[in-house]
Amino acid sequence: MLRVRFAPSPTGFLHIGSARTFIFNWLYARHGGGTMILRIDDTDVERNTDASLASIFEGLRWLDLPWDEEYKQSDRLGLHRRMAEAILQKGLAYRDFVPPQAAEGEKSGAHGTWLFNAEMREMSREESDRRAAAGEPFALRFRVPRDAEPHIRFSDAVFGPQSKATADIEDFALLRSDGMPTYHLASCADDADLRISHVIRGQDHLTNTFKHVLIFDAAGVEPPRFAHLPLLVAPDGAKLSKRRHGPVVSVTTYRDAGFMPHAFVNFLCLVGWSPKDDREVMTREEIIDAFSLEGIHRHNAVVNFKEDDPFDPKAVWLNAALLRSLPVEDLAGLLLPFVRGAGIAVEPAKMAQIAPLIRERISLLRDALTVGDFFFAAELAPYGAAELIPQKGDAAMALRALECAREVLPGIEFSHDALEAALRAAAAHLGIKTGQMFQPVRVAVCGRKNAPPLFGTLEALGKETSLARVGQAIEKLKP
RNA sequence: GGCGCUAUCGUCUAACGGUUAGGACAGAGCCCUCUCAAGGCUUAAAUACGGGUUCGAUUCCCGUUAGCGCUACCA
C-alpha cells in the first residue's frame, strides 16, 4: 500500500519549498493510487504558533490538492514515548543527565563531531534507574552501535546508495529532558505507526536519514523507502529561508498577487523534476501521469526572483498562459473578487465585457487593476496633452480627430462593429490614417497610449463615459 | 573543522558512451497589427577545471575548485 506524508512544523508561514515537497508527495500518491497524509509535526512547543498553523492550512488549501488523512504529532505523544521506552528497554538508548547548557560547553570544545558523553553512555542501569526515579531530569539518547555496525546504509530513490560510518554519527537525542520527543523519534514513530511507505522530503534530511534508519532498526520496524528532494535556493545560491527572504517565498504572496493554484503547481513541478520530454504547460492529470521519482534531480534549483520582482519569470509566464486558456466567463469570475478586493465596485456584466479585452495583457490577476484601471476609475489619471498627438501628426490633427469623434459618436450604437465603421469613416472623411484617428481617441478614453483594442474598450466604457472623456481631451488641446 | 551531497545556456531543463549539445522562460531582431499585448519566424547563449578509462566522454573513474546540507534536548 502506497502511503506518503507531508509533515510541516508550524513555526512560520508555508514557503514555496515546503509547498513543492507537499506537491511531490501528492503527485506520487495520486500517480500510484496511494494515500496522501498531512501530519503536523508540532513537537517543538517553544517555537510553534497558531498563526503559523493557520498559514500552512491556508496555503495548502489554496493549492487545491486535497489530502486523505490528517494527524497532529502532539496528539500522539504516548506512541512516541512507548517507542522510546522500548528502545531504552532493549539497551539501545540511555539516559543523559547532563543539563543542556552544560552539554553545550562540552560539545563546543570538541574537534570534529561530538559523539557522546562517556560517563552518561556507560552509566550502570541501576544508577540510571535510581536517578530517574529520584526525579532528576534527563534526555534519552540513542546508543549508536559503532562497534557492531561500522556503517549504516540505505538506498535513496533519488540520490542512490548512501552510506555513512557510525563513527561519524553522534548519540542523538530521542527524548528531551522535559519528556517531549525530538523530531527524529516522533517522525520515525509516526512513520512506522502510520505505515508510511515512502518518505519524500527535502535534501536537508538526507544525512538525518542514517539516524532514522538506526531508529527503525532499533524498533524492529522495516524502514520506509526514502526519496530526498533537491533544495530550492535563492539567486545567490542560499537555501530559501523565511528569515532571509521574507514574504517573497511565502505561498500566500503568490496567491495574493493573483497566481492560479495550478499554474503555481505546474511551475514548482518543473523545478527539480522533469517529465523528460519537452512538455512544460501541463494539466494536473498530465503531471500525475508523468510523475516519477526517477525524474527528480539531484542538484539544487534557483527560484529566480529579484528585489523588485518576487516572482520567477517562468512562473509568471505559466500563469499568463493559463489565464489565456480560460474561457472568458471563468476569467471574469476570477477577476471580480480581485477588483472588488481593491475597493472598486464593478458589476459582473461589466467585468465580463472587460475580461476579453485584458486577458492577453495580464499575467497575474492583480494586473487587471493596472492594465484595466481606466475601466474602473471614475476619473482618468492625469496625462499630458502631448499624449493625444498621433504619429506624424500635430495638436491640430488630434483636435480635429477628437472633435469629429464627438460629433459622430452620439448618433451610433456603441457596439464593436458600429464603432469601428464610424471611426474608420471619420478617418477617411478627415483624410488621415486610421491610426491617427484611433490614437487620440484611445488616449482620450484610456489616459495613455498603450491600451486594449479600441472598439471593444469604447463599448465596455459606454457612450456616456467615452464622450465625457473625449470632451475632456478636447479641453486639454484647446489653447 | 568533521561528515554528506551536487555541478549542461542568465534561469528551469533534455541528451542507451557516438547529436550541428535539444526545448522553455527571460533577451535581441523581423512579421502581423488601430497602440500595447497575444501569435508566428529568426537569433545570441552552456557541458566548472585538470587528469584518466575508451576508437570515441556532457555521460564512467580520480583529483581540484565552487556551492549546498547536516554537525541542537529545531524540524
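Only one residue in A:454, A:458, A:467 is under 26 Å from residue A:348 (Cβ atoms), modelled with pLDDT of 95 or more and open to solvent by 30 Å² or more (accessible area, probe 1.4 Å). Which one? Quick ask: steps written out before the conclusion?
Values: A:454 fails: open to solvent by 30 Å² or more (accessible area, probe 1.4 Å); A:458 fails: open to solvent by 30 Å² or more (accessible area, probe 1.4 Å).
That would be A:467, the only listed residue that is under 26 Å from residue A:348 (Cβ atoms), modelled with pLDDT of 95 or more and open to solvent by 30 Å² or more (accessible area, probe 1.4 Å).
Conditions tested, residue by residue: (1) of a type outside the set (Ser, Thr, Tyr); (2) modelled with pLDDT under 95; (3) more than 8 Å from RNA strand B (Cβ to nearest atom).
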site: A:258; (1), (2), (3): yes, no, yes
site: A:263; (1), (2), (3): yes, no, yes
site: A:266; (1), (2), (3): yes, no, yes
site: A:273; (1), (2), (3): yes, no, no
site: A:279; (1), (2), (3): yes, yes, yes
site: A:284; (1), (2), (3): yes, no, yes
site: A:287; (1), (2), (3): yes, no, yes
site: A:291; (1), (2), (3): yes, no, yes
site: A:295; (1), (2), (3): yes, yes, no
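Report yes if residue A:206 is in contact with a Gly (Cβ under 9 Å, 6 or more places away or on another chain) and closer than 29 Å to residue A:68 by Cβ, otherwise no. Reasoning before the result, please.
Working: in contact with a Gly (Cβ under 9 Å, 6 or more places away or on another chain): no; closer than 29 Å to residue A:68 by Cβ: yes.
No: the conditions fail for residue A:206.
Six or more apart or on different chains, Cβ atoms under 7 Å: show the pairs whose first residue is in the stretch A:148-176 and outside any strand (DSSP E or B) and whose second is near RNA strand B (Cβ under 6 Å from one of its atoms).
A:158/A:298; A:159/A:206; A:159/A:298; A:168/A:113; A:170/A:113; A:170/A:114; A:176/A:139; A:176/A:182
Kindly provide the set of residues from the stretch A:42-58 that are in a helix (DSSP H, G or I), open to solvent by 40 Å² or more (accessible area, probe 1.4 Å) and among the hydrophobic types (A, V, I, L, M, F, W, C), ordered by number. Spell out the reasoning first.
Step one: of the stretch A:42-58, the residues in a helix (DSSP H, G or I) are A:50-58.
Among the residues that remain, those that are also open to solvent by 40 Å² or more (accessible area, probe 1.4 Å) are: A:50-51, A:54, A:58.
The answer is A:51, A:54.
What number goes with the only condition from (1) surrounded by fewer than 19 Cβ atoms within 10 Å (Cβ to Cβ); (2) within 12 Å of RNA strand B (Cβ to nearest atom); (3) at pLDDT 95 or above; (4) part of a helix (DSSP H, G or I) that residue A:211 does not pass?
(1)
Check whether at least one residue in the stretch A:132-139 is without any contact (Cβ under 8 Å) to a residue 24 or more places away in the chain and touching a Ser or Thr at 6+ places or on another chain (Cβ under 9 Å), and report yes or no.
Taking the stretch A:132-139 and keeping what is without any contact (Cβ under 8 Å) to a residue 24 or more places away in the chain, we get A:133-135.
Right, trim to touching a Ser or Thr at 6+ places or on another chain (Cβ under 9 Å) and you get none.
No, the stretch A:132-139 contains no residue that is without any contact (Cβ under 8 Å) to a residue 24 or more places away in the chain and touching a Ser or Thr at 6+ places or on another chain (Cβ under 9 Å).
Of these, A:237, A:246, which one is open to solvent by 10 Å² or more (accessible area, probe 1.4 Å), of a type in the set (Gly, Ala, Ser) and touching a residue at least 40 places away in the same chain (Cβ under 8 Å)? Step through it out loud before you land on a result.
Numbers: A:246 fails: touching a residue at least 40 places away in the same chain (Cβ under 8 Å).
Only one candidate passes the filter, namely A:237.
Starting from residues that are basic (Lys, Arg) and touching a Ser or Thr at 6+ places or on another chain (Cβ under 8 Å), keep the ones in the stretch A:422-479 and report whichever is nearest to residue A:409 (Cα to Cα).
Filtering the stretch A:422-479 down to residues basic (Lys, Arg) leaves A:424, A:433, A:442, A:448-449, A:463, A:469, A:476, A:478.
Of the ones still in play, those that are also touching a Ser or Thr at 6+ places or on another chain (Cβ under 8 Å) are A:424, A:442.
Numbers: A:424: 12, A:442: 14 Å.
Per the stated criteria, the residue is A:424.
Only one of these is of a type outside the set (Gly, Ala, Ser), at pLDDT 95 or above, on the phi < 0 side of the Ramachandran plot and open to solvent by less than 10 Å² (accessible area, probe 1.4 Å): A:20, A:3. Name it.
Values: A:3 fails: open to solvent by less than 10 Å² (accessible area, probe 1.4 Å).
So the residue among A:20, A:3 that is of a type outside the set (Gly, Ala, Ser), at pLDDT 95 or above, on the phi < 0 side of the Ramachandran plot and open to solvent by less than 10 Å² (accessible area, probe 1.4 Å) is A:20.
What single numbered condition from (1) at pLDDT 95 or above; (2) within 7 Å of RNA strand B (Cβ to nearest atom) fails to hold for residue A:114?
Only one criterion in (1) at pLDDT 95 or above; (2) within 7 Å of RNA strand B (Cβ to nearest atom) is unmet by residue A:114, namely (1).
Considering only the stretch A:28-40, I want to know if a residue exists there that is open to solvent by less than 30 Å² (accessible area, probe 1.4 Å), touching a strand residue (DSSP E or B) at 6+ places or on another chain (Cβ under 9 Å) and in a helix (DSSP H, G or I).
Of the stretch A:28-40, the ones open to solvent by less than 30 Å² (accessible area, probe 1.4 Å) are A:29, A:34-40.
Narrowing the set further to residues that are touching a strand residue (DSSP E or B) at 6+ places or on another chain (Cβ under 9 Å) leaves A:29, A:34-40.
Now narrow it down to the ones that are in a helix (DSSP H, G or I): A:29.
Checked the stretch A:28-40: at least one residue is open to solvent by less than 30 Å² (accessible area, probe 1.4 Å), touching a strand residue (DSSP E or B) at 6+ places or on another chain (Cβ under 9 Å) and in a helix (DSSP H, G or I).
Show me the helices (runs of 4 or more DSSP H) entirely contained within the stretch A:370-447 in which 1 or more residues are open to solvent by 40 Å² or more (accessible area, probe 1.4 Å), touching a Phe, Trp or Tyr at 6+ places or on another chain (Cβ under 8 Å) and of a type in the set (A, V, I, L, M, F, W, C). Outline the logic, then answer.
Working: elements: A:373-376, A:395-408, A:416-430, A:434-446.
Here the list is empty.
Exactly one condition in (1) of a type outside the set (D, E, K, R); (2) open to solvent by less than 40 Å² (accessible area, probe 1.4 Å); (3) more than 12 Å from RNA strand B (Cβ to nearest atom) is false for residue A:319; which is it?
(3)
For the stretch A:116-129, state whether one or more residues are out of contact with any helix residue (DSSP H, G or I) (no Cβ under 8 Å at 6 or more places or on another chain), small (Gly, Ala, Ser) and in contact (Cβ under 8 Å) with a residue 60 or more places away in the chain.
Residues of the stretch A:116-129 out of contact with any helix residue (DSSP H, G or I) (no Cβ under 8 Å at 6 or more places or on another chain): A:116, A:118-129.
Narrowing the set further to residues that are small (Gly, Ala, Ser) leaves A:118, A:124, A:128.
Subsequent filtering for residues that are in contact (Cβ under 8 Å) with a residue 60 or more places away in the chain retains none.
No, the stretch A:116-129 contains no residue that is out of contact with any helix residue (DSSP H, G or I) (no Cβ under 8 Å at 6 or more places or on another chain), small (Gly, Ala, Ser) and in contact (Cβ under 8 Å) with a residue 60 or more places away in the chain.
If you scan the stretch A:249-268, which residues turn out to be closer than 16 Å to residue A:307 by Cβ and open to solvent by 30 Å² or more (accessible area, probe 1.4 Å)?
Across the stretch A:249-268, the qualifying residue is only A:253.
Just checking, which of A:339, A:316 is under 14 Å from the mean Cα position of the chain (by Cα) and assigned to a helix (DSSP H, G or I)? Show your work before the answer.
On the way: A:339 fails: under 14 Å from the mean Cα position of the chain (by Cα).
Result: A:316 is the single residue among A:339, A:316 that is under 14 Å from the mean Cα position of the chain (by Cα) and assigned to a helix (DSSP H, G or I).
Can you tell me which residue is farthest from RNA strand B (Cβ to nearest atom) among those in the stretch A:117-175 that are open to solvent by 40 Å² or more (accessible area, probe 1.4 Å), touching a Lys or Arg at 6+ places or on another chain (Cβ under 7 Å) and of a type in the set (Gly, Ala, Ser)?
A:167
Residue A:108: among the polar types (S, T, N, Q), open to solvent by 60 Å² or more (accessible area, probe 1.4 Å), more than 30 Å from residue A:21 (Cα to Cα) and free of Cβ contacts under 8 Å to residues at least 60 places away in the same chain, yes or no?
Working: among the polar types (S, T, N, Q): yes; open to solvent by 60 Å² or more (accessible area, probe 1.4 Å): yes; more than 30 Å from residue A:21 (Cα to Cα): yes; free of Cβ contacts under 8 Å to residues at least 60 places away in the same chain: yes.
Taking the combined requirement at face value, the residue satisfies it.
The values are calculated or read from the model by the stated rules, or taken from the named source; none is laboratory data. The structure displayed is predicted, hence computed values, not measured ones. As a convention, Cβ positions derive from the backbone with ideal geometry for all residues, glycine included, and neighbour counts pool all protein chains shown. We work out accessible area using only protein heavy atoms, side chains counted, and drop any ligands, DNA or RNA first. Shrake-Rupley method; radii C 1.70, N 1.55, O 1.52, S 1.80 Å.
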